[in-house]
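Asker: Please find one structure pasted underneath; my questions will follow.
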Amino acid sequence: MEPVVVQKVQEAINQRANQDVYIHLETTNGAYASHNDETFFSSGAYIRNALVRYELGKITGDGPYRVGLKIELGWVYAEGITHFEIDEQNRLLMAGHDFKGKLAVALEISNTPFE
Amino acid sequence: MEKERHVLVVFPHPDDEAFGVSGTIATHIKNGTPVTYACLTLGEMGRNMGNPPFTNRENLPKIRKKELQAAADLLGIQDLRMMGLRDKTVEFEDDDKMTDMISFMIQELNPSLIITFYPGYSVHPDHEATGAAVIRAVEKMPAESRPKLHCVAFSNNCVEELGEADIINNIAPVADIKISVIKAHRSQTEQMFADITEEDTKTNPRIMAWINNERFWTYKFK
């Protein structure tokens, strides 16, 4: 993956608008967050292969970035995006990594289901 | 370490075997005991991507699968089974299906010892669910034909509630294999080893004690 280049990511988001796409969205503190620090409130959410169609998608912020997709009846949103990649299957992979290189958030858009 | 007929190791993630159990596995294999390692997921949800990132969410499982195979090869495990579940979803699988998966392996392999996580004391929800499935499968067997159950526990309250581990395996003779296994899970452990030198693993008493002693709790059926 490479650090976000807003224009490239925005183009990739635009190219995938108004068509059926599969979404992977996750946020995580890691399964050991509360084990390592008992005062830490661990939370996370994860959805894989949600089939949606967005009419509008935007990347905003000064970095780390936010990405929002306006879908027919609602929204998909991720905060903390630092890196992106368009992989060999033409999927748009976006992720936010903390200072130690640990993934904290991921938002991925694909024309075919994720494995 | 007692000589076993067959050892079945059941963990959810590639690298779960590395820190606390790989020396024990290596010792059993050196004793000529067959070892089956059933690894339930490929650690798809691992978080170490590196800075700058060396991989992404979709490619991580491919890397971890290779690391798992390499670790098994270093240990001499001939029967490595990747069970095809997904990281962080183990606890949401059907409980009976999970129990059956373990029961079938026990029927097939007839192990004299099973190594897994101690449910309630192993922190990660996948660890808890894996250990619980193994316990359920063993519990269904008549008490006299049950294999021994050595469980890994590391929650903050484990010693307080379970007491000290009743099995401590000194694995110093195979420490070099263990270190190579830990390193084989490079995507997960490289960062950790950045702070530990080769010299430390042979001379630093705290690190040596951590590497050389593998602790297990024999499961207590209620």
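Computed from the coordinates by the stated procedures, all read-outs in this text should not be read as laboratory data. As the structure is a computational prediction, the values presented were derived from the model and not from experiment. Note: ideal-geometry Cβ built from the backbone for every residue, glycine included; neighbour counts use all protein chains shown.
Asker: Filter the chymotrypsin sites (Phe, Trp or Tyr not before Pro) in region A:44-115 to those in DSSP coil with at most 10 other Cβ atoms within 10 Å of their Cβ, and list the result. Before the final figure, lay out each step's value.
Answerer: Values: sites: A:Tyr46, A:Tyr54, A:Tyr65, A:Trp75, A:Tyr77, A:Phe84, A:Phe99, A:Phe114; in loops: A:Phe99, A:Phe114.
In loop regions of region A:44-115 (DSSP not H, G, I, E or B), the sparsely surrounded chymotrypsin sites (Phe, Trp or Tyr not before Pro) are A:Phe99.
Asker: Counting other Cβ atoms within 10 Å, keep those with at most 15, restrict to DSSP loop, and tell me which GluC sites (Glu not before Pro) in region B:156-218 are left.
Answerer: B:Glu164, B:Glu198, B:Glu199
Asker: Let me ask you something else. Can you pull a Stokes-Einstein diffusion coefficient for the protein assembly as shown at 25 °C (0.890 mPa s), Rh from Kirkwood over Cα pairs, as a whole number of µm²/s?
Answerer: Details: Rh = 21.6 Å.
Result for D is 114 µm²/s.
Asker: Taking a temperature of 37 °C and a viscosity of 0.692 mPa s, what whole-number D in µm²/s does Stokes-Einstein yield for region B:163-222 with Rh from Kirkwood over alpha carbon pairs? Kindly include the intermediate steps, with their values, before the conclusion.
Answerer: Working: Rh = 13.0 Å.
My calculation gives 253 µm²/s for D.
Asker: So, one more: What area, in nm² and to one decimal, does the C-alpha convex hull of region A:1-65 cast on average over all directions?
Answerer: Dividing the Cα hull surface by four gives the mean projection, 6.1 nm².
Asker: Report, ordered by chain and residue number, the lysines lying within cross-link reach of B:Lys148, taken as a straight Cα distance under 26 Å and ignoring same-chain residues fewer than 8 apart.
Answerer: Those lysines meeting the cut-off are B:Lys3, B:Lys30, B:Lys97, B:Lys140, B:Lys178, B:Lys220, B:Lys222.
Asker: Stokes-Einstein diffusion coefficient for region B:56-136 at 25 °C in a medium of 0.890 mPa s, Rh from the Kirkwood formula over Cα pairs: what value in µm²/s? Could the numbers behind the result be given before it?
Answerer: Values: Rh = 14.2 Å.
Translational D for this selection: 173 µm²/s.
Asker: Okay, moving on. Under unit Cβ charges (Lys, Arg +1; Asp, Glu -1), what dipole magnitude, rounded to 20 debye, does region B:34-175 have relative to its Cα centre?
Answerer: Working: 14 positive and 21 negative charges, 120 e Å.
I would put it at about 580 debye.
Asker: Cross-link candidates for A:Lys102: which lysines have Cα within less than 21 Å, leaving aside residues fewer than 8 places away along the same chain?
Answerer: Output for A:Lys102: B:Lys62, B:Lys65, B:Lys66, B:Lys88, B:Lys183.
Asker: Here's something else I'd like to know. Can you compute the charge dipole magnitude of the protein assembly as shown about its Cα centre, using +1 on each Lys and Arg Cβ and -1 on each Asp and Glu Cβ, nothing else charged? Give it in debye, rounded to the nearest 20. All intermediate terms of the calculation are to be shown ahead of the outcome.
Answerer: Working: 35 positive and 49 negative charges, 64 e Å.
That gives the protein assembly as shown a dipole magnitude of about 300 debye.
Asker: Provide a whole-number value for the mean count of partner chain Cβ atoms within 10 Å of the Cβ atoms in peptide B:150-159. Mind showing how you got there, number by number?
Answerer: On the way: counts 0, 0, 0, 0, 1, 1, 4, 0, 0, 0.
Mean partner-chain Cβ count within 10 Å for B:150-159: 1.
Asker: Take the Cα gyration tensor of region B:7-218, multiply each eigenvalue by 5, square-root it, and list the three semi-axes largest first, rounded to whole angstrom.
Answerer: Values: eigenvalues 132, 91, 56 Å².
For region B:7-218, the semi-axes come out at 26, 21, 17 Å.
Asker: Taking the Cα centroid of region A:49-102 and of region B:150-182, what is the distance between the two, rounded to the nearest whole Å?
Answerer: 41
Asker: Debye sum, Cα scatterers, chain A, no solvent: what log₁₀ I/I(0) at q = 0.10, 0.15 1/Å?
Answerer: Log-scaled intensity ratios, in q order: -0.30, -0.64.
Asker: When all alpha-carbon pairs of region B:112-177 are counted, what percent fall beyond 13 Å?
Answerer: Values: 1459 of 2145 pairs.
In whole percent, the long-distance tail amounts to 68.
Asker: When the helix-only estimate is applied to the protein assembly as shown (DSSP H runs of n ≥ 4, each -39,500 (n - 2.57), divided by the residue count), what is the mean residue ellipticity at 222 nm, nearest 500 deg cm²/dmol? Write down the numbers at each step before the final one.
Answerer: Working: 11 runs with 110 residues, N = 337.
-9500 deg cm²/dmol, from helical runs alone.
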